[in-house]
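Below you'll find the structure, written out as structure tokens, and then a few comments.
The values are calculated or read from the model by the stated rules, or taken from the named source; none is laboratory data. Everything quoted here is computed from the prediction, not taken from an experiment. Cβ atoms come from the backbone with ideal geometry, glycine included; neighbour counts cover every protein chain shown.
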Amino acid sequence: MSLLQRLGGEPVIMVAEEREEMEFKPIATNPASSKLEVRLHNFFVEEFKRPINQNKDLEPLIDKLAEQFFEKDGDHLTFEEKKKLKQNMTHELTGYGPISPLLADPEVTEVMVNGPKDVYIEVEGKIKKTAVHFRDDLHVLRIIEKIVAPLGRRIDESTPMVDARLPDGSRVNAIIPPLALNGPTLTIRKFSEVPFTIHNLLRMKTLNENMANFLKAAVESKLNVFISGGTGSGKTSTLNVLSSFIPRTERIVTIEDAAELKLSQEHIVSLEARPQNIEGQGEITIRDLVRNSLRMRPDRIIVGEVRSAEALDMLQAMNTGHDGSLGTGHANTPRDLLARLETMVLMAGFDLPVRAIREQIAGALEIIVQQARMKDGTRKITHITEVLGLEGDTIVLQDIFVYKEKKNLSTGKTEGAFSSTGVMPYCMEKLENAGHHSVHSIFKEEW
């Protein structure tokens, strides 16, 4: 029995607000209309108990059944009120309730439900509050269960947190009381239905053309590349773009907590971690999948996010012939990433000397791409850094490209520019051996 059923809540359909020029205007409701919505919902529940072809579009059926209901109980309603009720019912039955219009809006990149009355969105990197709301905690909980149930996940008092994904790959996190004091909390990070390309990143000024050419050459030359950055900095989008440079003839194995990557190649094996069941058994971790992937004859291993003991297995894979591997991790600078990787390797439970860990890191990683979200909401690749090796007990890093911010005194706004540091990368020999001779000219001009 689900938490919703145990709480004894009666499903209620709330009015969903339409997005209009980025302003979400509330719709006036009253007790009479709310009761009518409850009766309309119950009417649909009874009708849907009959056999229905789920493969067909349900919207025409919803329109037909709603008209039957309005003939009996909707004589006093205006055309607009009937239209709104039908729209709300469509969102409830075919979508995710009041937040369905937000999820359908291509400009909204994140939807955050902080309890039934507070719904926020992210647009162009800025967070805005909307007038969208749910009726109560039970309504939010019902939408959460609708998201996680098809994936075999559950959320209740014994498992009050869950990570999941929508059918389009959008990332979902939900947490409920007693852990969430504001009520059931839902966070959905949307991903574009059409994966970003390098042209999208260039148009959004995430990097410049020289950086794009260098990264393309690095991936095609099978350098091990790691993308570092904070939450919401665009690491997954950049990983998708870099993955698109992998030749179509290679076998790719992707490993993720929740499948988000959308690769364009044909020969792809996507693996997804599995949480433990209600008995506390059956968990399959990212580390288990990384170790298993080594037996799958991969040309490339892509780990969506390295956050724990799997760092050791990934570094060993990079050091034992699996060149060209890609991954992401949370860190504020390239140097911080190295410190985090050391910590994650120690989480594997082996009492390894620090120098041995640093030798593994220095031998495995070749390029670090540092990404950040700026104050204006834009995402920038702030560093492309090369890992040169170990000198004493210190891993030597060398910046190849950097993004520098400066304040425009006339306008008061912060501006920035990408530039090469003028240093010839140590990996240039590998790039040229792979046929990328034109990249040499980028740095020759600097010299």
_If the requirement is being surrounded by fewer than 20 Cβ atoms within 10 Å (Cβ to Cβ), polar (S, T, N, Q) and touching a strand residue (DSSP E or B) at 6+ places or on another chain (Cβ under 9 Å), which of these qualifies: Thr231, Thr238?_
Thr231
*Yes or no: Asn240 over 17 Å from the mean Cα position of the chain (by Cα) and closer than 25 Å to His383 by Cα?*
no
*When residues of segment 150-179 are filtered for being free of Cβ contacts under 8 Å to residues at least 40 places away in the same chain and either in a loop (DSSP other than H, G, I, E, B) or of a type in the set (Gly, Ala, Ser) (or both), how many remain?*
7
*Condition check for Thr236: in the same structural domain as His322 (by TED's automatic domain parsing), in a helix (DSSP H, G or I) and within 24 Å of Ile155 (Cβ to Cβ)*: yes
*Checklist (1) small (Gly, Ala, Ser); (2) part of a helix (DSSP H, G or I); (3) in contact with a strand residue (DSSP E or B) (Cβ under 9 Å, 6 or more places away or on another chain) applied to Gly324, failing item*: (2)
*Which of the residues that make up segment 185-215 are of a type outside the set (Ser, Thr, Tyr), under 22 Å from the mean Cα position of the chain (by Cα), at negative phi and surrounded by fewer than 17 Cβ atoms within 10 Å (Cβ to Cβ)?*
Glu193, Val194, His199, Asn200, Leu202, Arg203, Met204
*Run down Ala317, Ala331, Ala364 and say which single residue is in contact with a helix residue (DSSP H, G or I) (Cβ under 6 Å, 6 or more places away or on another chain), closer than 23 Å to Asn292 by Cβ and of a type in the set (A, V, I, L, M).*
Ala364
*asked:* For segment 387-398, which positions are surrounded by fewer than 22 Cβ atoms within 10 Å (Cβ to Cβ), in contact with an Asp or Glu (Cβ under 8 Å, 6 or more places away or on another chain) and either closer than 24 Å to Leu239 by Cα or not assigned by TED's automatic domain parsing to the domain that holds Asn213 (or both)?
replied: Leu397, Gln398
*Tell me, yes or no, whether segment 334-349 has at least one residue that is surrounded by fewer than 19 Cβ atoms within 10 Å (Cβ to Cβ), assigned by TED's automatic domain parsing to the domain that holds Asp299, under 10 Å from Ser228 (Cβ atoms) and of a type in the set (Ser, Thr, Tyr).*
no
*State yes or no: is Pro334 within 24 Å of Asp399 (Cα to Cα) and touching a strand residue (DSSP E or B) at 6+ places or on another chain (Cβ under 6 Å)?*
yes
*Among what's in segment 159-184 and is among the polar types (S, T, N, Q) and within 17 Å of the chain's Cα centre (by Cα), pick the residue that is farthest from Asp137 (Cα to Cα).*
Ser170
